Amino acid sequence: MTFRDRTIKTKLTAILMSVGVIAVFLACIVFYVMTTNNFREAYDEDLGGLARVIGRNCEASLAFMIPDEAERVLASLSVRPSVVYAVVRDGNGKPFASYGKEPKNAGLSASSPGQVHWPGHISVHQGIEVSGNAIGSVTLVDDMRVIRKSQIAAVSMMLLAMLVSIIAAFLMVPPLQRFISDPILALSSSAERIAKERDFSLRAEKTGDDEVGRLVDSFNAMIGQIEERNAELQSSEKRFRTLVDQAVDSFFLFDTDGLIVDVNQRACDTLGYRREELLGMTVGEISPALSGFDSAEAPWGSLKPLNAVTNEGVHRRKDGTDFPVEMRVGLMDIGGQRFIMGLARDISERREAESERRKLEAQLQQAQKMEAIGVLAGGIAHDFNNILSAIIGYATLAQMKIDADTPAFRDIEQVHKASNRAADMVKQILAFSRQARQERAPVDIRMIIKEAVKLLRASIPVSIEIRQNINASSGSVLADPTQIHQILMNLCTNAYHAMREKGGVLDVSLDEARITGNDISAMLNLEPGSYLRLTVSDTGHGMDKATADRIFEPYFTTKPPGEGTGLGLSVVHGIVKSCNGHISVYSEPGLGTSFHVYLPSVGAASEGGQLGLKPLEHGTEHLLIVDDEEQIVLMEKEMLAGLGYTITACSTPEQALEAFRVCPGSYDLVITDMTMPHVMGTDLALEMLRIRPDIPVILCTGFSDLVDEKTAKSLGIREFVMKPILLTSLAGIIRKVMDEAGRHEA
């Protein structure tokens, strides 16, 4: 351990003792040198004086050459023990008298050539003169014992002073420690405690206003700032953690090795792990596609600071199930270390919603397509029915003029059949467009299914097995029995065509179904409630999705030319929709096809019987006929005239209105077409009723989306008739209206 690493106490002790000892030592040296020099000079001066006294006392002895006297004078030096040797020499330098023993190792003096000096001794030479003439000299040799004693005493005093200074320095350490070291140690202890406990509310104790006190103030101020910043940091971290834990997205923080270091609660809930389990796992364990974390294909391979990347992937739960996610990842630096932050959102519901949206869009497009075709169908129905009316009417007139046994009568009968087929086709067109007006009543379709299956069994080969699964407790539906029969025949015929080459199983089933709000999204425009579900399935060749999406389009068929018109399923679709039902199809190539028809369930079917055909009825009233088709006007005029009526026929509404205004009371009934140039049939009827409110009016139309039977009768029109009209039907309607008008008049 170096001196720098020692404690302040040790440093203070060492410094004080060193400074004290050095100071005392230097002072003692200076004192010693000065004292020794002064004492030496005084000693030399004293010894020189003694030599002069000896010399004067020996002048007579030298002058009279009395050595004994000189010896006696030298013997007086015994009172000074330090003088170990003395010698008196005559003028020739020869010893005259001596005292003591001459020291050994004598040498020539460097300061006085020719003189002798003794190492470790002081020698003094003093000449002896009489009347200015040198007669001899005296030499005193001192062993400096007095000087050495004084030196020893000085050194002893110096050592004693050094010892005293060391003791004084050691005794001064505690007070210095109390005022300097202890406050610093207390500050250090406070800093260690704050660092260990991370309690920034602690403060160091101040003991004075000196430099250490100012240091304590600065330290406490610094801790106060750290406390404020720590509080702000904790608050910010708490807000961040709260936001992260309450986020709707899963939060992940992982290092550049793919090791997860932090997650939020949403991530734990989504993946099914506890937080402790996720920490320490790798990204590849929750996202198998990212097992090659360092690969160039990794979504963060091109990440740069402030440049987040969004991509879609798959996460795996703890139970092993996968789910799609959208993940946004970005780089961030924490404490100088680079991490990757990711936000993952479960997009399972979004994928399902998108799939459902595409399905609904397809259904809506199909519905819009059918609606558009329905508008087209309604547009041509009027003109086509007018043509059929003329054909059927004139054929009827021709038959009335010839015998039934003639070939011509039979040929005209074929015209009737063809015309009736054409009329049925128009009805089918209007049915799939949901614009046909059908008389509907509660129908128990179980018997209709059984009759249809019985009819099919006689017409399809035995290689096709027919199975029935009819729920005996099924209710009724509000429909036309003929339409229900048409639905069954179309669906079963299609199933037969799908299996006629290899055979198979035709399955017809009927059961009850309850549609809830959760099922509505899969069945466009279908209200919740009770339904009868008719299912027709086959084990034939099936069809792909592209074909299944188009099968309800009119004139679309997969059959060879001459085997189908493409209207069968279109008509079925129209009938089902007109009954407020729904039809769907499921098929896969090679696995067969299933049609599901949902029809609203109602009460029990009516037990009333059907009305029989009435005989051809005649009359004598005056009828006003209005139609813009010249052929129809002439045909109706001839037909009704043959029944005994008086007929006034007009080919324009303006002509008819003018004739009516001239003599309104001469007419008993008005028969007018609906769609005519310039003036509609309803407007013509209203104007005639304004002129004569009691006039009966029959409104005929091939098709019109502007008026129906209910609307017509609300305007005062007695009957609303759809073309083409058979003579027997028209005769009965005229007679019914005339009879009712007569009862009203009565």
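In table form, for the structure just shown:
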| read-out | value |
| --- | --- |
| Some residue of region 206-222 being at pLDDT 75 or above, over 52 Å from the mean Cα position of the chain (by Cα) and part of a helix (DSSP H, G or I) | yes |
| Residue in region 140-157 that is among the β-branched types (Val, Ile, Thr), farther than 30 Å from ASP46 by Cβ and either more than 53 Å from the chain's Cα centre (by Cα) or not in a helix (DSSP H, G or I) (or both) present | no |
| Residue in region 54-69 that is closer than 19 Å to LYS149 by Cα and open to solvent by less than 50 Å² (accessible area, probe 1.4 Å) present | no |
| Cβ-Cβ under 8 Å pairs, at least 6 apart or on other chains, region 205-218 side closer than 12 Å to LEU185 by Cα, far side basic (Lys, Arg) and open to solvent by less than 90 Å² (accessible area, probe 1.4 Å) | VAL216/LYS206 |
| Members of region 461-474 that are in contact (Cβ under 8 Å) with a residue 12 or more places away in the chain and not in a strand (DSSP E or B) | PRO461, SER463, ASN471, ALA472, SER473, SER474 |
| Test: residue in region 376-385 that is at pLDDT 80 or above and open to solvent by 50 Å² or more (accessible area, probe 1.4 Å) | no |
| Filter result for the condition that a residue is among the aliphatic types (A, V, I, L, M), more than 22 Å from HIS573 (Cβ to Cβ) and at pLDDT 85 or above, over VAL505, VAL477 | VAL505 |
| Condition broken by THR36, with the remaining ones in (1) open to solvent by 60 Å² or more (accessible area, probe 1.4 Å); (2) in contact (Cβ under 8 Å) with a residue 24 or more places away in the chain satisfied | (1) |
| Per-region count, region 314-329, residues in contact with a helix residue (DSSP H, G or I) (Cβ under 7 Å, 6 or more places away or on another chain), open to solvent by 60 Å² or more (accessible area, probe 1.4 Å) and part of a strand (DSSP E or B) | 2 |
| Enumeration of residues in region 248-266 that are over 13 Å from the mean Cα position of the chain (by Cα) and part of a strand (DSSP E or B) | LEU253, PHE254, ASP255, LEU259, ILE260, VAL261, ASP262, VAL263 |
| Filtered residues of region 637-696 (kept if surrounded by 18 or more Cβ atoms within 10 Å (Cβ to Cβ), over 18 Å from VAL737 (Cβ atoms) and touching a Pro at 6+ places or on another chain (Cβ under 6 Å)) | MET676 |
| Residue selected from region 475-493 under the condition open to solvent by 10 Å² or more (accessible area, probe 1.4 Å) and touching a residue at least 40 places away in the same chain (Cβ under 8 Å), by the criterion nearest to SER530 (Cα to Cα) | GLY475 |
| Selection count where residues are more than 22 Å from PRO664 (Cβ to Cβ) and of a type outside the set (A, V, I, L, M), scope region 681-734 | 16 |
| Filter result (among the small types (Gly, Ala, Ser) and closer than 16 Å to LEU624 by Cα) within region 661-720 | GLY665, SER666, GLY681, ALA685 |
| Residues that are in contact (Cβ under 8 Å) with a residue 40 or more places away in the chain and either surrounded by fewer than 17 Cβ atoms within 10 Å (Cβ to Cβ) or assigned to a loop (DSSP other than H, G, I, E, B) (or both), drawn from region 577-593 | CYS579, ASN580, GLY581, SER584, GLU588, PRO589, GLY590, LEU591 |
| Matching residues, region 511-530, being within 14 Å of SER584 (Cα to Cα) and either hydroxyl-bearing (Ser, Thr, Tyr) or at pLDDT 80 or above (or both) | SER521 |
| Pairs, first part of a helix (DSSP H, G or I) in region 446-460, second open to solvent by 90 Å² or more (accessible area, probe 1.4 Å), C-beta under 7 Å, six or more apart | VAL453/GLN468 |
| Among the residues listed as GLY603, GLY644, GLY612, GLY608, the single one being of a type in the set (Gly, Ala, Ser) and modelled with pLDDT of 85 or more | GLY644 |
| From the options ILE717, ILE725, ILE734, residue that is of a type in the set (A, V, I, L, M, F, W, C), crowded, with 16+ Cβ neighbours inside 10 Å, under 24 Å from GLY393 (Cβ atoms) and at pLDDT below 85 | ILE725 |
| Residue among ILE223, ILE286 that alone is open to solvent by less than 90 Å² (accessible area, probe 1.4 Å), touching a His at 6+ places or on another chain (Cβ under 7 Å) and in contact (Cβ under 8 Å) with a residue 12 or more places away in the chain | ILE286 |
| Failed condition for VAL244, given (1) at pLDDT 75 or above; (2) surrounded by 12 or more Cβ atoms within 10 Å (Cβ to Cβ); (3) part of a helix (DSSP H, G or I) | (1) |
| Qualifying residue in region 351-374 (condition: in contact with a strand residue (DSSP E or B) (Cβ under 7 Å, 6 or more places away or on another chain), open to solvent by 90 Å² or more (accessible area, probe 1.4 Å) and either of a type in the set (Lys, Arg) or modelled with pLDDT of 80 or more (or both)) | yes |
| Test result for SER150, surrounded by 16 or more Cβ atoms within 10 Å (Cβ to Cβ), under 25 Å from GLU102 (Cβ atoms) and not aliphatic (A, V, I, L, M) | no |
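Conditions tested, residue by residue: (1) among the hydrophobic types (A, V, I, L, M, F, W, C); (2) free of Cβ contacts under 8 Å to residues at least 40 places away in the same chain; (3) over 24 Å from ILE380 (Cβ atoms).
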site: GLY619; (1), (2), (3): no, no, yes
site: ILE632; (1), (2), (3): yes, no, no
site: LEU640; (1), (2), (3): yes, no, yes
site: TYR645; (1), (2), (3): no, no, yes
site: PRO677; (1), (2), (3): no, no, no
site: LEU726; (1), (2), (3): yes, no, no
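The values are calculated or read from the model by the stated rules, or taken from the named source; none is laboratory data. This is a predicted model, so every value here is computed, not measured. Cβ atoms come from the backbone with ideal geometry, glycine included; neighbour counts cover every protein chain shown. Remember, those area values only see protein heavy atoms, side chains included, never the ligands or the DNA or RNA. Shrake-Rupley method; radii C 1.70, N 1.55, O 1.52, S 1.80 Å.
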